[in-house]
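Working notes, structure below.
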Amino acid sequence: MRTEYLSSAPSDLQRAADLLKAGELVAIPTETVYGLAADALNGEAVAAIFAAKGRPADNPLIVHIAAVSEWERLVSHIPPQALALAEAFWPGPLTMILPKTDLIPNEVSAGLSTVAVRMPSHPIARELIALSGCPLAAPSANRSGIPSPTEAKRVAEDMDGRIAAVVDGGTCDVGVESTVIDLSTTPPRLLRPGAVTVEMLTAVIGEIAVDDAVVQPLKSGRAAASPGMKYKHYAPKAKVILVKGDKNAFVDYVNAHAADGVAALCFDGEETGLCIPYFTYGARDDHAAQAHHVFEVLRRLDEQHVRIAYTACPSQDGVGLAVYNRLLRAAGFEVIVLE
Ligand code: AMP
Ligand code: MG
């Protein structure tokens, strides 16, 4: 298949919408990461997403809508807490899970009785939902298991020849996937951290539970509440090792492990004293910048043929929890604690 490369010009967006309507796969920009979109109500089109990504069939997809009114036919009941969260954070990087209606094909929900729904804020994503007239199922537009794409050229690296089109909307703002909260349980449960933080959610709906899998490996034998949070994910070919400690401890540790193919992934301004190649991914106290850069920097490790990347560990508050969650999985939970 020849992949078409489209811009955000009106005629190109119309072309992308026509492809989506016809059941084809189109990668689209969103404010979180690029999504690999298909008509969410067309089971065959959705099945093609799993094939193109090499995604395990037990990992359900998020359905993207452009207006709250579209939610009503996708879920069986919208509780007041869900409406309050929609009011506060939609359009934006928050996904809510509720019991699904029969309109949702099993391919989308991976056989679960619930469906995840999000209203993105990115103008191109919203325009494509409106133009195609379809809610769009869209997981991240990467081959399964590796870092999510935040630029169209990264989508092309993974998906060229496998999908109908890529719409280039520039670099994604947020840089990590949406926050996922399950509202089908009491109390509501955070399954995946993102730019809408635990603190922000709690301020609107009060107490929420944070699923163990957010910061721990899934216990063997236990079913994943969120199948996408399984052990290794978001991983480049390079071996990522998280290092917890202050700037000086990090520099000393990494320098002591200098070798061919070894690099450091550190915070902006903390590269002084490193005697090995380094990449920076945002200032220590700037979680939004870390989120914005983290996936791109992981992909650059492979471009530079890095074998081992000692990675400065972000703190777990605010958006830092989302960055920590992705890096933990990229590292297969390998963490060295220096203090
Ligand atoms: P991605 O599309 O790559 O952003 O991944 C979607 C995430 O949402 C994965 O972690 C899924 O496991 C999770 N997810 C989607 N639908 C559900 C659902 N019905 N129940 C639990 N988790 C879900
Ligand atoms: Mg993904």
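Listed values, structure above:
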read-out	value
Residue among Gln304, Gln316 that is touching a helix residue (DSSP H, G or I) at 6+ places or on another chain (Cβ under 7 Å) and either acidic (Asp, Glu) or in contact (Cβ under 8 Å) with a residue 40 or more places away in the chain (or both)	Gln316
Search result, residues across segment 105-122 that are closer than 14 Å to Ala86 by Cβ, more than 16 Å from ligand 2 (Cβ to nearest atom) and crowded, with 20+ Cβ neighbours inside 10 Å	Val117, Met119
Odd one out for Gly282, checked against (1) on the phi > 0 side of the Ramachandran plot; (2) open to solvent by 30 Å² or more (accessible area, probe 1.4 Å); (3) not aromatic (Phe, Trp, Tyr)	(2)
Pairs where the first residue, in segment 99-116, is without any contact (Cβ under 8 Å) to a residue 40 or more places away in the chain and the second is open to solvent by 70 Å² or more (accessible area, probe 1.4 Å) and outside any strand (DSSP E or B), C-beta under 6 Å, 6+ apart	Thr101/Ser76
Hey, Leu338 touching a Gly at 6+ places or on another chain (Cβ under 6 Å) and on the phi < 0 side of the Ramachandran plot or not	yes
Filter result (in contact (Cβ under 8 Å) with a residue 24 or more places away in the chain and surrounded by fewer than 17 Cβ atoms within 10 Å (Cβ to Cβ)) within segment 261-272	Gly261
Restricting segment 1-57 to residues that are more than 16 Å from ligand 2 (Cβ to nearest atom) and assigned to a strand (DSSP E or B), the residue that is surrounded by the most Cβ atoms within 10 Å (Cβ to Cβ)	Val26
Qualifying residue in segment 148-160 (condition: at positive phi and open to solvent by less than 30 Å² (accessible area, probe 1.4 Å))	no
Filter result for Ile78 (in contact with a Pro (Cβ under 6 Å, 6 or more places away or on another chain) and more than 16 Å from ligand 2 (Cβ to nearest atom))	no
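The values are calculated or read from the model by the stated rules, or taken from the named source; none is laboratory data. Source: prediction; values computed, not measured. Note that we place each Cβ from the backbone using ideal geometry, even for glycine, and neighbour counts take in every protein chain shown. Surface accessibility is based on the protein's heavy atoms, side chains included, excluding ligands, DNA and RNA. Shrake-Rupley method; radii C 1.70, N 1.55, O 1.52, S 1.80 Å.
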